[in-house]
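One structure is given here, and the rest of the page talks about it.
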Amino acid sequence: MNDIKICIIGLGYVGLPLARLFSTKFPTIGFDMNPNRVKELMAGHDSTLEVNDDILQEAISNHGFMCTSDIEDIKECNFYIVAVPTPVDENNTPDLRPLYGASETVGKVIKPGDIVVYESTVYPGVTEDECLPVVEKVSGLKYNEDFYAGYSPERINPGDKLHTVEKIKKVTSGSTPEIGELINQVYSSVIEAGTHLAPSIKVAEAAKVIENSQRDINIAFVNELAKIFHLMGIDTAAVLEAASTKWNFLPFKPGLVGGHCIGVDPYYLAQCAQRHGYNPEIILAGRRMNDGMGAYVADRVIKLMLKKGIQVLGSHILVLGFTFKENCPDVRNTRVIDIVKALKEYNINVTVFDPWANPVAVKKEYGIDIETDLPTEEKFDAAIYAVAHNEFKDINLSRVMKPMHVVFDVKGTRAIEEIDSRL
């Protein structure tokens, strides 16, 4: 392992923390096609806030960590790690274009004896059936003869400063037993929580894609419970609190399910199943339930307004939070947009307030404007706590609300006396 020189391809929420960590043990270069991202990182700042500026600057100054968008800079590496996004398109079909592009990049620089490891979430078979043929075609080298491969699924939890990359156990795998052992040694040298060497690349791929599918299905179950208990006049949060007193009850909560993993991975697994002639009923039912929660929240708020005699048409509603989760600037696949769209169908004026989200990124991705400061002039007819940012804990809404108003809590973090209803 003494001659390992690592290149991380893709410096987003997954790639940058991993690259920074590897730089403490190995010569490491981060590669990203976005020159603005590279410039930002080499100036010592990470706009995703996953790596603190002082830690990033230490990696650059003390460990020689370097970021580049020039492919010439990574030709001397021999251990390539691909950490690019794996989204779905408008039809919820897996979009492998970022992986194909990254594989072409690897193909241009890989040499005999080199290793490429994929971290991007995929369904079983993508690494060997989709990605490596691209590497072979571009490089002219033969897989498992001239170069080798592995798969080690990312386990990054954006915004989580407790469970950072080195503190989460890592699954590894290799294209041969010997390569699997080497890849496992490389990762275990920096992962404090340890590693688990899977027997094959496909097993490692499958393990990753079911992790978030399992969470998706469990959340879908409690979302359905929330709908049932609402019709029965029972507080769902109180029910879950009581049920959680049993030692083996799983403490999932209802809510919106977005982001780059839980709201996406089940579609990868579903398509894989369908390709093998099986219709994954439970997986897709969970997706339908969770994808419908934004419209459900909007419907609940409108009904509450009508019960209070508040005019819905032309009303003003404040949505607090837009990122896909709390205390994180990540807006990828946020389902708060579903609430906004559903409300606007009623010709309601919607103001979105989120101090964490980047207004430029939100405008580009979703076509809406957001506020990063709480509006002071507008008097709102309703407010929806959509994301549980810390900044919202002690916020005083009374100064921006009309005397007759509705407050709805999606995340279940507000005191019951502060709100009209919650999931």
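The values are calculated or read from the model by the stated rules, or taken from the named source; none is laboratory data. Treat the numbers as computed from the prediction; the structure is a model and nothing was measured. Virtual Cβ from ideal backbone geometry, glycine too; neighbours counted across all protein chains shown. With ligands, DNA and RNA removed, areas are computed over all heavy atoms of the protein, side chains included. Shrake-Rupley method; radii C 1.70, N 1.55, O 1.52, S 1.80 Å.
Which of the numbered conditions does Ser120 fail, given that it passes all the others? Conditions: (1) buried (at least 16 other Cβ atoms within 10 Å of the Cβ); (2) in a loop (DSSP other than H, G, I, E, B); (3) small (Gly, Ala, Ser); (4) more than 20 Å from the chain's Cα centre (by Cα).
(4)
Within the range 142-164, does at least one residue satisfy the condition of being crowded, with 19+ Cβ neighbours inside 10 Å, in a helix (DSSP H, G or I) and touching a residue at least 24 places away in the same chain (Cβ under 8 Å)?
No, because not a single residue in the range 142-164 is crowded, with 19+ Cβ neighbours inside 10 Å, in a helix (DSSP H, G or I) and touching a residue at least 24 places away in the same chain (Cβ under 8 Å).
Failed condition for Pro254, given (1) assigned to a helix (DSSP H, G or I); (2) open to solvent by less than 70 Å² (accessible area, probe 1.4 Å), with all others met?
Just one mismatch for Pro254, condition (1).
Could you please find all residues in the range 123-140 being surrounded by fewer than 17 Cβ atoms within 10 Å (Cβ to Cβ) and either in contact (Cβ under 8 Å) with a residue 60 or more places away in the chain or in a loop (DSSP other than H, G, I, E, B) (or both)?
Gly125, Gly140
Residue by residue, here is whether (1) within 30 Å of Asn290 (Cα to Cα); (2) in a helix (DSSP H, G or I); (3) in contact with a Phe, Trp or Tyr (Cβ under 9 Å, 6 or more places away or on another chain) holds:
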| residue | (1), (2), (3) |
| --- | --- |
| Leu49 | yes, no, yes |
| Gln57 | no, yes, no |
| Gly64 | no, no, no |
| Cys67 | no, no, yes |
| Ile81 | no, no, yes |
| Pro98 | yes, yes, no |
| Ala102 | no, yes, yes |
| Thr105 | no, yes, yes |
| Lys108 | no, yes, no |
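Looking at Asp394, Asp420, can you tell me which residue is open to solvent by less than 80 Å² (accessible area, probe 1.4 Å) and charged (D, E, K, R)?
From the options Asp394, Asp420, the qualifying one is Asp420.
Read through the list (1) open to solvent by 40 Å² or more (accessible area, probe 1.4 Å); (2) at pLDDT below 95; (3) of a type in the set (Asp, Glu), then give the number of the only condition that Asp265 fails.
(1)
Considering only residues that are open to solvent by 20 Å² or more (accessible area, probe 1.4 Å), touching a helix residue (DSSP H, G or I) at 6+ places or on another chain (Cβ under 8 Å) and within 21 Å of Gly174 (Cα to Cα), which ones fall in the range 86-117?
Tyr100, Glu104
Name the residues in the range 345-374 that are closer than 22 Å to Thr413 by Cα, surrounded by fewer than 15 Cβ atoms within 10 Å (Cβ to Cβ) and over 22 Å from the mean Cα position of the chain (by Cα), would you?
Across the range 345-374, the qualifying residue is only Asp373.
Just give me the residues in the range 37-52 being farther than 18 Å from Val331 by Cβ, open to solvent by less than 50 Å² (accessible area, probe 1.4 Å) and in contact with a helix residue (DSSP H, G or I) (Cβ under 8 Å, 6 or more places away or on another chain), in sequence order.
Leu41, Gly44, Val51
Give Ile179, Ile234, Ile217, Ile183 a once-over and let me know the one that is among the β-branched types (Val, Ile, Thr), over 26 Å from Glu128 (Cβ atoms) and touching a Gly at 6+ places or on another chain (Cβ under 7 Å).
None of the others qualify; the one that does is Ile217.
Name, by its number, the condition in (1) open to solvent by less than 60 Å² (accessible area, probe 1.4 Å); (2) in contact with an Asp or Glu (Cβ under 7 Å, 6 or more places away or on another chain); (3) not hydroxyl-bearing (Ser, Thr, Tyr) that does not hold for Leu225.
Every listed condition holds for Leu225 apart from (2).
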